[in-house]
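Everything below concerns the one structure shown next.
No lab work stands behind these numbers, since they all come straight from the coordinates. Nothing here was measured: the structure is a model prediction, and the numbers come from that model. Note that we place each Cβ from the backbone using ideal geometry, even for glycine, and neighbour counts take in every protein chain shown.
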Amino acid sequence: MTNEPHLVPIHVVGARGRMGTSIIREVVQSENFILEGAVDRTGGPGLGHDAGRLVGLTEVGVKVGELLEPRPGTVVLDFSLPEATPKNLARCVEHHVPLVCGTTGGGEVVEQLIREASANIPIVYAANFSAGVTMLIALAGIAARSLGPKWEAEIVELHHRHKKDAPSGTALRIAHEVASSREQTLSEIFVADRSTRHQARSADEVGIFGMRGGDSVGEHTLMLLSDGERVELTHRATDRRIFARGALRAARWVVDKPPGVYDMRDVLGIDPV
Ligand code: NAD
């Protein structure tokens, strides 16, 4: 038995972006959500146009606007720019509505504002809304802690040819989880290049190797190796819609939560270890 409302009204900020478009498509095609608002930056393309039409679907009667005006009972999803997040936070507090924030790159300043706003409203804040990646990171922590520091950890990741950063943020997050399980920091254990070292691995280090090519949405494998056996934990993303679906799962979850900052582990119900 659940108290979840049948239809969760959604406001999307960054409506014309890759994530905003993907979220609007999922909302319009879902029986569990209804699109109530779509916002993008002043002067941006698509302002005044029907949000459903803009994402290649039928008209939904919601025009893309430039002002976030959510009525109580709705959930705001912000996937825009870090410069926009402070204003969006203030609007959500003013209108007493929950926020699902996936905008990255705001650093400590935006994170502090999120903590302050969370005294008044519930906020789900995550750099990666994929349920599968969230689970992989949680399992990495459990495995590294349970198997112990004698098991050697290595991480391999693969992404499409256009990705500019390496290793991926998710690979670093997995390594961070392994490091914390050993009460170490990421910078103490992380090795990305062994080509010039001419020495065997140290017991503590975690090698991370980034492969680039093709159109891979993202693959990550954590190997935990011992004498005579090894464990491999792998997540493979084949569709970018996983982020939109995860964000909407968070939106449904956060509707009736008390004020506070939450992440995808809370949404999935993963107990802190
Ligand atoms: P994008 O550049 O395609 O879209 C951003 C949109 O925000 C654009 O339409 C832009 O016009 C709009 N925008 C800019 N300023 C605005 C403002 N002041 N008010 C309202 N809208 C504004 O980017 P994207 O790929 O959709 O990503 C958006 C954000 O989400 C980035 O920070 C990205 O890192 C993050 N992201 C997070 C996840 C996750 O799982 N947490 C997944 C993918 C992307």
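Odds and ends about this structure:
- Computed over every Cα-Cα pair of the stretch 131-237 and binned at 5 Å starting from 0, the pair-distance distribution P(r) comes out as 2, 13, 24, 24, 20, 11, 5, 1 percent.
- Principal axes of the chain: Cα extent on each, largest first, Å: 63, 39, 37
- Sorted by Cβ density within 10 Å, fewest first, the residues His160, His235, His11: His160, His235, His11
- Cα point-scatterer Debye curve for the stretch 202-251, base-10 log of I(q)/I(0) at q = 0.17, 0.21 Å⁻¹: -0.75, -0.90
- Full extension of the chain segment joining Thr104 with His162 gains 19.0 nm, where the gain is 0.36 nm per residue of separation less the Cα-Cα distance.
- Each Lys or Arg adds one and each Asp or Glu subtracts one; over the other residues with Cβ under 14 Å from the Cβ of Ala143, this totals -1.
- Sum of -39500 (n - 2.57) over DSSP H runs of 4+, divided by residues of the chain (222 nm, nearest 500): -10000 deg cm²/dmol
- Annotation: extensible slack from Glu59 through Leu81 equals 5.3 nm (criterion: 0.36 nm per residue apart, minus Cα-Cα distance).
- Dividing the mean sequence gap of close Cα pairs (under 8 Å, 6+ apart) by how many residues the chain holds gives a relative contact order of 20 percent.
- Net charge, Gly207 excluded, C-beta distance under 13 Å - Lys, Arg +1, Asp, Glu -1: -3
- Residue-count net charge about Thr104 - beta-carbon cut-off 14 Å; Lys, Arg +1, Asp, Glu -1: -4
- Fewest neighbouring Cβ atoms within 10 Å first, the residues Arg41, Arg241 line up as Arg241, Arg41.
- Top of Ile24, Ile142, Ile208 by mean-square fluctuation, Gaussian network on the chain, Cα under 10 Å: Ile142
- Efficiency of FRET between Glu205 and Ile34 - r from beta-carbon atoms, R0 41 angstrom, step 0.05: 0.25
- Footprinting exposure proxy for Glu152, Glu83 (fewest neighbouring C-beta atoms within 10 Å first): Glu83, Glu152
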